[in-house]
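Data block below; observations after.
The values are calculated or read from the model by the stated rules, or taken from the named source; none is laboratory data. Here the structure is a predicted model, which means the values were calculated and not measured. A quick note on method: Cβ atoms are made from the backbone with ideal geometry, for glycine too, and the neighbour counts reach across all protein chains shown. What goes into the accessible areas is simple: the full protein's heavy atoms, side chains included, and nothing from ligands, DNA or RNA. Shrake-Rupley method; radii C 1.70, N 1.55, O 1.52, S 1.80 Å.
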Amino acid sequence: VERFFAIAERWGLSGADQMTLLGGLPRSTFHAYRNLPKVGLSRDLIERISLVMGIYKALQISLADSERVERWIHHPITAALFSGQSALERMTAGSITDLAVVRDYLDAQQGW
């Protein structure tokens with residue numbers, strides 16, 4: 001959980017974006033995770049955090065410049081999967097599938 005919050009901070013995500021990425025957590029649960037990182041996590045939450053970490057790692061590998069890694073998710077993407085949306089807009093559409101689409105897109109860009 002700590003790693004998720006570190007990535008969210010680097011990306012400059014709002015609390016609302018973070019709660020959406022974590023599956024639409026209620027504010028009280030979100031704050032419990034921020035303050036008690038050893039709280040048990042559901043399978044869905046673990047998957048979501050894993051996808052975010054994978055997206056961040058893929059960006060580190062492909063972009064190499066930490067400033068570009070931190071800005072990339074905010075810029076519109078012309079690829080058909082995004083229809084001009086930013087990766088963040090796609091990731092916060094609410095479904096875990098949206099996170100997986102961004103991860104798969106980055107993996108495909110790297111030829112994985």
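Couple of notes before you dig in:
- Each Cα pair under 8 Å and six or more residues apart adds its sequence gap; the mean of these over the residue count of the chain is a relative contact order of 28 percent.
- Among VAL1, VAL102, THR78 - extreme Cα towards positive end, dipole of the chain, charges at beta-carbon: VAL1
- For the chain, calculated [θ]222 nm from helices alone, where every DSSP H run of n ≥ 4 adds -39500 (n - 2.57): -19500 deg cm²/dmol
- Taking the convex hull of the alpha carbon positions in the stretch 42-95 and averaging its projected area over all directions gives 4.0 nm².
- Within the chain, the selection of entire DSSP H helices by a Cα span of 18 Å or greater along the long axis and an average Kyte-Doolittle value of at least -0.5 returns 43-63, 96-109.
- Long-range HN-HN contacts of SER86 with modeled amide H, under 5 Å: ILE77
- Per residue, the chain exposes an accessible area of 55 Å² to a 1.4 Å probe, with every protein chain left in place.
- Surface composition of the chain: carbon plus sulfur atoms hold 51% of the accessible area, using a 1.4 angstrom probe and ignoring ligands, DNA and RNA.
- Within the chain, the ratio Rg/Rh, alpha carbon atoms throughout and Rh by Kirkwood, equals 0.95.
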